[in-house]
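**Student:** Got a structure for you, written out below as structure tokens; questions coming shortly.
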Amino acid sequence: MTVSDDLFARALRLIPGGVNSPVRAFRSVGGAPFFVKSARGATLTTADGRELIDFVCTWGPAIHGHNHPRIKAAIAAALDHGTSFGTPNPYEVEMAELITRFVPSIQKVRMCNSGTEATMSAIRLARGFTRRDKIIKFAGCYHGHSDALLIKAGSGALTHGHPDSAGVPASVAQDTVVIPYNDCAALDAAFAANPGQIACVIVEPYCGNVGFIMPDAGWLQHLRIVTAQHGALLIYDEVMTGFRLHKAGVQGLESEECTLHSESIQHTNSIPLPPAAHSALRTPHSALVVQSVLPDLTCLGKIIGGGLPVGAFGGRADVMDMLAPIGPVYQAGTLSGNPLAMAAGIAALRLLDEENPYARLDALGRRVRDAVLAAAKAKGLPVQVPQCGSMFSIFFTSTPVRDYATALTGDATLFTKFFHTCLAKGVYLAPSAYEAAFLSTAHAGSAIDRACEVMSEAINGL
Ligand SMILES: *Cc1c(COP(=O)(O)O)cnc(C)c1O
């Protein structure tokens, strides 16, 4: 019996399913999970001493690789001063300054302890601000596990075949309207069917929780325009994409793209957009268009905690000022703004600021994509490899993947075989066909060479 098997047997007796988050249990790919005793750079070391090249990166946070010396030093320095004060601390201010500087649509920000808290609180805030109850989300978008959002969610909920969790009251679910991602007509219809009732639309602007899916051209602009027309708030859930694809997340990436195509888009707006958006504009020409992809509120997490538990939500000052203690929308947290988590996150963000690694990460992502596509072509196997920067996924299907339904056309049996072959050869991908893969700056060099080789061999052996 391996050390991992022994630990898992003990865990199964005391922890439901042996894990503290469902996808870790390997249910969708079969077999028992391995336990990790340490991680460094791109490598996990299992309790049995195996070394694995890690494409999960703790589900996104580890963009600098595991246990980066700068982040470790920042946590150690903070630890010297104490672990929690229950009062405001200086790190919180620095974190808020960094987030608002990087993400122009965020004028004010509130820290919390997880992505789930961030989205849950942003929804409450949107409801309080608009005095409306209904929300729109997209099938396959995962926004954490709060009741209102655990409806047709992707990720672990999808993997386990229960997109709708038991225990979510029908009375709560009925206020969540779920429509397909990338479907403008369905969005228009949802607004038409619920006039004056939609508080907000929440979206992963690039989906990372049914595998990785990119928006069709014009989709995010359409979301912006329609929400503005109906007086609903647009919430970008950038818990996964924030600071991963660009310093300003998807909204930063898309704003750059839009600036290039500015003439084609008409913008109408019934609610004011953040002044920060205007000050971020470089040329008058781009003004109209940059506005058109900026959300009212943004949810963050993962990378901003540098590997410690963190979430945040922020956006327009007039909306954020509805929060307690100055407004009527209550939101709180005993450990929110925790000094260790802030110190780790600040170090992670400063590193991104200094290194601006996004072009390098995209080159790594392209290498993996090209290797997988080439191997699949040689094998005569249809695959889709959506990739942007350090995020990608591999769907074994000939159907272009652009929403939940097309993601499900991926052959899960092939994925499972591919997953286990890679794992046996030392490359760890997420244990589900419906999760994105992540790269870190530490994957450069021999890790990426080896991983491309292993993935190509695995595809060849399918
Ligand atoms: C991970 C994730 C969440 C939930 O964050 P937790 O910290 O796991 O609660 C929410 N939204 C998106 C897009 C995520 O990827």
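**Student:** Report, ordered by chain and residue number, the lysines lying within cross-link reach of K425, taken as a straight Cα distance under 27 Å and ignoring same-chain residues fewer than 8 apart.
**Tutor:** Once the sequence-local lysines are set aside, what remains near K425 is K37, K377, K379, K417.
**Student:** Mind ordering 247-256, 297-306, 199-208 by average Cβ neighbours within 10 Å, highest first? Numbers along the way, then the final one.
**Tutor:** On the way: 247-256: 23.1, 297-306: 28.4, 199-208: 26.6.
Highest-to-lowest ranking by the protection proxy: 297-306, 199-208, 247-256.
**Student:** Looking at the range 306-382, which chymotrypsin sites (Phe, Trp or Tyr not before Pro) are DSSP coil and have at most 15 other C-beta atoms within 10 Å of their C-beta? Mind showing how you got there, number by number?
**Tutor:** On the way: sites: F313, Y330, Y358; in loops: Y330.
The qualifying sites are Y330.
**Student:** Here is a follow-up. Would you mind counting up the charge near A74? Only other residues with Cβ under 15 Å from its Cβ, with Lys and Arg at +1 and Asp and Glu at -1.
**Tutor:** Counting the neighbours of A74, the net charge comes to -2.
**Student:** Further question on the same structure: Could you work out the relative contact order of the chain, using alpha carbon pairs under 8 angstrom and six or more residues apart, expressed as a whole percent?
**Tutor:** Contact order relative to length: 22 percent.
**Student:** Starting from the amide H of D133, placed 1.01 Å from N in the peptide plane, find each other amide H under 5 Å away whose residue is 5 or more places distant or on another chain.
**Tutor:** Those lying under 5 Å, H to H, from D133 are A199.
**Student:** Could you work out the relative contact order of the range 8-139? I mean the mean sequence separation of Cα pairs under 8 Å and 6+ apart, divided by the number of residues, in percent.
**Tutor:** Relative contact order, the range 8-139: 9 percent.
**Student:** Keeping every protein chain present and rolling a 1.4 Å probe, give me the accessible area per residue for the range 314-369 in Å².
**Tutor:** Here the per-residue accessible area is 41 Å².
**Student:** Based on the alpha-carbon gyration tensor of the range 316-425 and its eigenvalue square roots a ≥ b ≥ c, which shape applies: rounded if a/c is under 1.5, prolate if not and a/b is larger than b/c, or oblate?
**Tutor:** Taking the square roots of the gyration eigenvalues as a ≥ b ≥ c, the range 316-425 is prolate.
**Student:** Subtracting the Cα-Cα distance from 0.36 nm times the residue separation, let me have the gained length for N460 to Q174 in nm, one decimal. Provide the component values of the computation, followed by the final result.
**Tutor:** Details: separation 286, 0.36 × 286 = 102.96 nm, distance 4.67 nm.
Length gained between N460 and Q174: 98.3 nm.
**Student:** Given a Förster radius of 25 Å and the C-beta distance between D449 and K72 as r, what FRET efficiency does 1/(1 + (r/R0)^6) yield to the nearest 0.05?
**Tutor:** On the way: r = 26 Å, r/R0 = 1.06.
With a Förster radius of 25 Å, E is 0.40.
**Student:** Still on this model: Where the accessible area of the chain is counted over protein heavy atoms with a 1.4 Å probe, how much of it, in %, is carbon and sulfur?
**Tutor:** Values: 10270 of 18370 Å².
Carbon-and-sulfur percentage of accessible area, whole number: 56.
**Student:** What does DSSP give for the chain in terms of the percent of beta bridges that are antiparallel, rounded to the nearest 5?
**Tutor:** On the way: 24 of 41 bridges.
Once the DSSP bridges in the chain are tallied, antiparallel ones form about 60 percent.
**Student:** Highest mean first, what order results for 104-111, 424-431 on Cβ atoms within 10 Å?
**Tutor:** Details: 104-111: 23.5, 424-431: 19.9.
Those peptides, ordered most packed to least, come out 104-111, 424-431.
**Student:** Shifting gears a bit: Keeping all protein chains in place, calculate the accessible area per residue for the range 415-462 (probe 1.4 angstrom), answer in Å².
**Tutor:** In whole numbers, the range 415-462 has 30 Å² accessible per residue.
**Student:** Between 0 and 90 degrees, rounded to the nearest ten: what's the tilt of helix 69-79 against the longest Cα principal axis of the chain?
**Tutor:** Relative to the chain, helix 69-79 is tipped by roughly 60 degrees.
**Student:** Given a 1.4 Å probe, how much area per residue of the range 84-209 is accessible, in Å²?
**Tutor:** Working: 4840 Å² over 126 residues.
So the range 84-209 comes to 38 Å² accessible per residue, rounded to a whole number.
**Student:** If you don't mind, another one. What does the charge count around F395 come to, taking other residues whose C-beta lies under 13 Å from its C-beta (Lys +1, Arg +1, Asp -1, Glu -1)?
**Tutor:** Cβ neighbours under 13 Å give a net charge of -1.
**Student:** I'm checking a number: the convex hull volume of the Cα atoms of the chain, normalised per residue, in Å³. What is it?
**Tutor:** Spread over its residues, the Cα hull of the chain gives 145 Å³ apiece.
**Student:** Could you work out how much longer the chain between I15 and A166 gets when fully extended? Use 0.36 nm per residue separation minus the Cα distance between them, nm to one decimal.
**Tutor:** Result for the pair: 52.5 nm of gain on full extension.
**Student:** Of N89, L439, Q251, which is farthest along the charge dipole of the chain in the positive direction, counting Lys and Arg as +1 and Asp and Glu as -1 at C-beta?
**Tutor:** Result: L439, furthest along the dipole toward the positive end.
The values are calculated or read from the model by the stated rules, or taken from the named source; none is laboratory data. These figures come from a predicted structure and were not determined experimentally. Glycine gets a Cβ as well: all are built from the backbone with ideal geometry, and neighbour counts include every protein chain shown. Areas reflect the complete protein model, heavy atoms only, side chains present, ligands, DNA and RNA absent. Shrake-Rupley method; radii C 1.70, N 1.55, O 1.52, S 1.80 Å.
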